[in-house]
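In what follows, a single structure is set out as structure tokens and then discussed.
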Amino acid sequence: MQAQLQRILPTLFGELDEGAFQTLLPYFEVRVLLGGEVLFEQGERGRDLYILVSGRLQAVVRQ
């Protein structure tokens, strides 16, 4: 996971020195979803930031 984050985080936050990277690292967790699984439901209170590393997600809006 660290290698993936070191590759991805600079695209979001700019270049990070090692100290800044180590400070952010504990706040990340890897979530693996299989086809058809739901990341979150419409109407749920959001408090997380998700970074899609590979694959694809579909957003469904229910009326």
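Read the figures in this text as sums done on the coordinates, not as results from a lab. On a predicted model such as this, the values are computed, not experimentally measured, just so you know. Every residue, glycine as well, gets a Cβ built from its backbone with ideal geometry; the counts of neighbours run over all protein chains shown.
Residues of segment 1-41 that are of a type in the set (S, T, N, Q) and either surrounded by fewer than 10 Cβ atoms within 10 Å (Cβ to Cβ) or within 12 Å of the chain's Cα centre (by Cα) (or both): Q4, T11. Looking across segment 7-48, not a single residue is within 30 Å of R62 (Cβ to Cβ), polar (S, T, N, Q) and without any contact (Cβ under 8 Å) to a residue 12 or more places away in the chain.
Residues that are closer than 15 Å to M1 by Cβ, in a loop (DSSP other than H, G, I, E, B) and of a type in the set (F, W, Y) within segment 11-63 comprise F28, Y50, listed in sequence order.
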